[in-house]
Amino acid sequence: MTTAQPSTLPDWLRHQAQQRPHAIALRHKRLGAWHARSWQDVAAAVEQLAAGLAQRGFAAGDALLLVSHPREEALLLSLAAQWNGGVAIPLDPLLSDDALRTVLALIAPGFVFAEDDSQIDRLLTHEGLRVIDANPRDLMPHPHSAVTDYRALLAREKAAFDCAVRPHDDAFAFVRIDVDGQLVEQRFSHAALVREARQLIAVEKLNADDEAFAARAFAAASQARYLIAPWLLSGFCLNFPESLATRDNDRRELAPTLVAGTRETYARVARLVDDRLPGTRSWRRRLIGHAQHGQGSPLARALTWWLITRPLREVIGFSRTHAALVIGPPLDDRTAALFQALRVDVRAWPDTGDWQRVQHKRQAVDPQRRATDDASKQPAY
């Protein structure tokens, strides 16, 4: 008798917890030290968070906004909202006050997650919001009655909470203000994300032994498509840096096997390589230049690898990378030539989707939308 494959992101989380309970699912860095959580721990935390949200009124069709950079709490809360049949909507913490006001008015979220005190202060200027405080420094709970400490949602010791999500429910939505000043959104169902993740895993040959690095903006759709969904399906370890400012050093420490970024990400890393090399007339520069143009004898290429290329790959954290993804526009010629010289095969994946104007408050999911697979809206690749 065959068992049906999981069909939603929370289903895949439970699957990994059952099949690989003690394997490391997440690492996050705090105060210079890495902390790990197993798949069993992650699944238990998500189930507790889902129960905590439900106790406070979060229901199927509700939206959870997350004003946060990449961090463990934001990811677990996203999965908890989805567990309850809701949709997670990550927002850029640098979003302007006017844009935030528009988002809150049109999305009407059930809850908003804030990563620090400055974001809480912004959110509390809007009446009627229920705010979840990440409280990263583990301070006393915020005194405002509208603020709930993240840890308070984990208060239940045992959670036996039924999963309310269905494959065609929206899992993530991403919003932005377009050139006309209108709020537009891009939504991804569980079915669409699972389908795309299967494709990525097959093409990039990902498995449970891989290590991924989540340094890109949490509010980017590619984070859900190319990191979160493949993480749940393949069971690899997902790593969060301490901050965006430390991401290059943190990546060097980890040496991940899967790296996903934009052309700007790779151009920034290329500048790190350039900074490590001596002056333009040095022999190291000449050897790298020959490698970029495919020149040099076999001996020169061997020397380049052992003396320059291999150490440089370690410096930028690409020493073990076998899946280097550029999301959206491909690398510019100079950056592409440099990574080719470093023997890092950077492959382009699309960042396309269907952006729709948001015209009314979304207090519940449209029943017809629940029943419609958005496969026709997603690129086939």
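Okay, here's what the table says:
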| item | result |
| --- | --- |
| Subset of the stretch 231-253 that is under 30 Å from Thr8 (Cα atoms) and among the small types (Gly, Ala, Ser) - its residue that is modelled with the lowest pLDDT | Ser243 |
| Conditions (1) small (Gly, Ala, Ser); (2) over 23 Å from Ala197 (Cα atoms); (3) under 18 Å from the mean Cα position of the chain (by Cα); number of the one not met by Ser78 | (2) |
| Pairs where the first residue, in the stretch 268-279, is surrounded by 12 or more Cβ atoms within 10 Å (Cβ to Cβ) and the second is modelled with pLDDT under 75, C-beta under 8 Å, 6+ apart | Leu277/Arg284; Leu277/Arg285; Leu277/Ile288 |
| The stretch 17-37: number of residues that are over 18 Å from the mean Cα position of the chain (by Cα) and either surrounded by 18 or more Cβ atoms within 10 Å (Cβ to Cβ) or among the hydroxyl-bearing types (Ser, Thr, Tyr) (or both) | 1 |
| Test: Asp92 is over 30 Å from Gln19 (Cα atoms), under 18 Å from the mean Cα position of the chain (by Cα), surrounded by fewer than 24 Cβ atoms within 10 Å (Cβ to Cβ) and touching a residue at least 24 places away in the same chain (Cβ under 8 Å) | yes |
| Condition broken by Ala105, with the remaining ones in (1) within 21 Å of Phe218 (Cα to Cα); (2) small (Gly, Ala, Ser); (3) touching a residue at least 24 places away in the same chain (Cβ under 8 Å) satisfied | (1) |
| Among the residues listed as Arg56, Arg14, the single one being more than 30 Å from His126 (Cβ to Cβ), in the same structural domain as Glu211 (by TED's automatic domain parsing), surrounded by fewer than 20 Cβ atoms within 10 Å (Cβ to Cβ) and in contact (Cβ under 8 Å) with a residue 40 or more places away in the chain | Arg14 |
| All positions within the stretch 237-258 that are assigned to a helix (DSSP H, G or I) and among the small types (Gly, Ala, Ser) | Ala245 |
| Candidates Ala215, Ala202 - the one that is touching a helix residue (DSSP H, G or I) at 6+ places or on another chain (Cβ under 6 Å) and not in a strand (DSSP E or B) | Ala215 |
| Selection from the stretch 311-348 of residues that are surrounded by 16 or more Cβ atoms within 10 Å (Cβ to Cβ), in contact with a strand residue (DSSP E or B) (Cβ under 9 Å, 6 or more places away or on another chain) and farther than 12 Å from Tyr266 by Cβ | Gly317, Ala323 |
| Selected residue (only one of Ser145, Ser118 is over 23 Å from the mean Cα position of the chain (by Cα) and either surrounded by fewer than 16 Cβ atoms within 10 Å (Cβ to Cβ) or part of a loop (DSSP other than H, G, I, E, B) (or both)) | Ser145 |
| Within the stretch 337-381, considering residues that are on the phi < 0 side of the Ramachandran plot and basic (Lys, Arg), the one modelled with the highest pLDDT | Arg347 |
| Leading residue by the ranking (modelled with the lowest pLDDT) among those in the stretch 95-115 that are closer than 10 Å to Val67 by Cβ and part of a strand (DSSP E or B) | Ala114 |
| Qualifying positions in the stretch 9-38 - under 26 Å from Asp250 (Cβ atoms) and part of a loop (DSSP other than H, G, I, E, B) | Arg20, His22, Ala23, Leu31, Gly32 |
| Selection within the stretch 231-257 - more than 15 Å from Arg30 (Cα to Cα), among the aliphatic types (A, V, I, L, M) and not assigned by TED's automatic domain parsing to the domain that holds Arg14 | Ala255 |
| Residue in the stretch 61-78 that is surrounded by 18 or more Cβ atoms within 10 Å (Cβ to Cβ), within 30 Å of Gly181 (Cβ to Cβ) and either among the β-branched types (Val, Ile, Thr) or without any contact (Cβ under 8 Å) to a residue 40 or more places away in the chain (or both) present | yes |
| Subset of the stretch 7-66 [among the aromatic types (Phe, Trp, Tyr) and at pLDDT 95 or above] | Trp12, Trp39 |
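The values are calculated or read from the model by the stated rules, or taken from the named source; none is laboratory data. Because the structure is a prediction, the values reported are computed rather than measured. Methodologically, a virtual Cβ is constructed for each residue, glycine included, from the backbone with ideal geometry; neighbour enumeration extends over all protein chains shown.
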